[in-house]
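The structure appears below as structure tokens.
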Amino acid sequence: MARRTLTTELDGWLVKKGLHLRKHWYYLADDGYTWHCSKTNIAPKSTESIDLRSVSKVEAEKDDVFQIVTHQRSYEFKAGSAEEMRRWVKAIQTQVLAVSVDTGNTGDEVQAALLSKDMEINNLRLQCSTKDTELLLMKQELAATKQELAAARQQLASLHDIQQHQSSAVEKERSISSSLLESNAKLSEQMQVCQTQQKALTDTENEKRKLMDINDVFHSQIETLSNELVELHIQNDNLRCRAAYAENLLKERVTMANEAISTAQKTLHPLLTEHVDPINKPMAEKIAAYQAHSAILAGEMERLQTELQVKEEHVSRVEKLLATRAITSTTTTTSSTETPHHTEGSPNTDDTRRELESYKKKYFIALGKSIKIQSALVGLEPNVDLDALYQRCTAENVEPETWPLWIVDVFKNS
């Protein structure tokens, strides 16, 4: 007989209640009369079967459990949910009815009506159970909604309080922000003032370093000038001693030369006035020339003495300038910003040394000429270059005090 299937919802997983609760795969056979049980849904192999033609009742029990009653025994199955259980009950009842009609095992009309009524009652029970479940769910949802509403009211009150706190907090934040802005403005002004003061302090430190460097240079220059002044004092004292010695010696020699010339004039004058001997005439001319040369030499000595006095005044002026400069250096170092230079009237030691050397040379030459004249009066006429003799004297480091004796020795040896 061909299969007559009124539903396709008889394949799926169910838990069969018994000694062990195990999930099995249930499926409808190809003939539509047998409902098989398998351990897997892949290539299912029947381990147990229920003949739908012997089913007398299919009804829901509670929650997700339903029962199938046959002529031999009864079975209890557990679905995944109550909704799924109702689907299984309805599908099995429909298939059982279809099998009964298909096999002709309907009995009389009363039995069919009773079966139909049972099915309707079961459906009504299922619907009532569904409605009861839905009502219970609705009650639970209503209670949950009431709880949520109460919680929402509490949250609303809390939110209202929070909003008030937030409003006051916003006002405080605004006042704090304005205070911060004012503080930032004042802080910016103070920072600018501090930066200006820092810059001024840095400039002052730089100026202080420059002034300290200038002061060091200035003090080193003053120390150098002081040392040079000491040397000049020593040289000046030596020159004074030498000049005094030379002046005394020159006066003595000039006096001796004048006395010799006077004696010669007294001796030779009668001879020259009475008769002029051609032989003594050159001697008289030579004596006259020596007299004129001696007068010139005396004038040169006076000029050298005058220059020596001028030099002494110059050295005194240098001392005063150095003393003044040493005093002002201690009071004006903090206000001077440039390296000091020689001002008008400041001493130039190189020029002073050159001038002193010139005076020494002139003094040596005048002394040599005087000794040369005196040597000629006694019959010595040395042929010596006084410039070369001065260079020799300087090379041999002859002291000025011994110049007259040294020159006489050179004239004698020449």
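The values are calculated or read from the model by the stated rules, or taken from the named source; none is laboratory data. Please read these numbers as outputs of a predicted model, since none were measured by experiment. Using ideal geometry, Cβ is built from the backbone for each residue, glycine included, and neighbour counts are taken over all protein chains shown. All accessible areas refer to the heavy atoms of the entire protein, side chains included, with ligands and DNA or RNA removed. Shrake-Rupley method; radii C 1.70, N 1.55, O 1.52, S 1.80 Å.
The table that follows gives values for the structure above.
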| read-out | value |
| --- | --- |
| Any hit, the stretch 153-174, residues being in a helix (DSSP H, G or I) and more than 60 Å from the chain's Cα centre (by Cα) | yes |
| Search result, residues across the stretch 15-55 that are hydroxyl-bearing (Ser, Thr, Tyr), in a loop (DSSP other than H, G, I, E, B) and touching a helix residue (DSSP H, G or I) at 6+ places or on another chain (Cβ under 9 Å) | 33 |
| In the stretch 62-73, the residues that are assigned to a strand (DSSP E or B) and at pLDDT below 85 | 62 |
| Any hit, the stretch 212-223, residues being within 30 Å of residue 351 (Cα to Cα), in contact with a Leu (Cβ under 8 Å, 6 or more places away or on another chain) and assigned to a helix (DSSP H, G or I) | yes |
| Residues of the stretch 370-414 that turn out to be assigned to a loop (DSSP other than H, G, I, E, B) and not polar (S, T, N, Q), as a count | 10 |
| All positions within the stretch 33-68 that are open to solvent by 50 Å² or more (accessible area, probe 1.4 Å) and not charged (D, E, K, R) | 40, 41, 42, 43, 44, 46, 47, 49, 56 |
| Members of the stretch 39-59 found to be farther than 16 Å from residue 73 by Cα and among the basic types (Lys, Arg), listed by number | 39, 45 |
| Options 6, 21; residue that is modelled with pLDDT under 85, closer than 29 Å to residue 129 by Cα and either touching a strand residue (DSSP E or B) at 6+ places or on another chain (Cβ under 6 Å) or exposed (fewer than 12 other Cβ atoms within 10 Å of the Cβ) (or both) | 21 |
| Cβ pairs under 6 Å, 6+ apart, first in the stretch 389-414 and within 15 Å of residue 367 (Cβ to Cβ) and open to solvent by 20 Å² or more (accessible area, probe 1.4 Å), second at pLDDT 85 or above and assigned to a loop (DSSP other than H, G, I, E, B) | 406/398 |
| Boolean, residue 241 is open to solvent by 60 Å² or more (accessible area, probe 1.4 Å) and within 30 Å of residue 369 (Cβ to Cβ) | yes |
| Count - residues of the stretch 212-238 that are of a type in the set (S, T, N, Q), open to solvent by 60 Å² or more (accessible area, probe 1.4 Å) and over 14 Å from residue 363 (Cβ atoms) | 3 |
| Candidates 149, 114, filtered to the one that is open to solvent by 80 Å² or more (accessible area, probe 1.4 Å), out of contact with any Cys (no Cβ under 9 Å at 6 or more places or on another chain), farther than 21 Å from residue 12 by Cβ and at pLDDT 75 or above | 149 |
| Count - residues of the stretch 13-38 that are without any contact (Cβ under 8 Å) to a residue 40 or more places away in the chain and more than 15 Å from residue 77 (Cα to Cα) | 4 |
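Residue by residue, here is whether (1) at pLDDT below 75; (2) farther than 24 Å from residue 309 by Cβ; (3) of a type in the set (A, V, I, L, M, F, W, C) holds:
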position	(1), (2), (3)
224	no, yes, no
227	no, yes, no
239	yes, no, yes
245	no, no, no
253	yes, no, no
256	yes, yes, yes
260	yes, yes, yes
272	yes, yes, yes
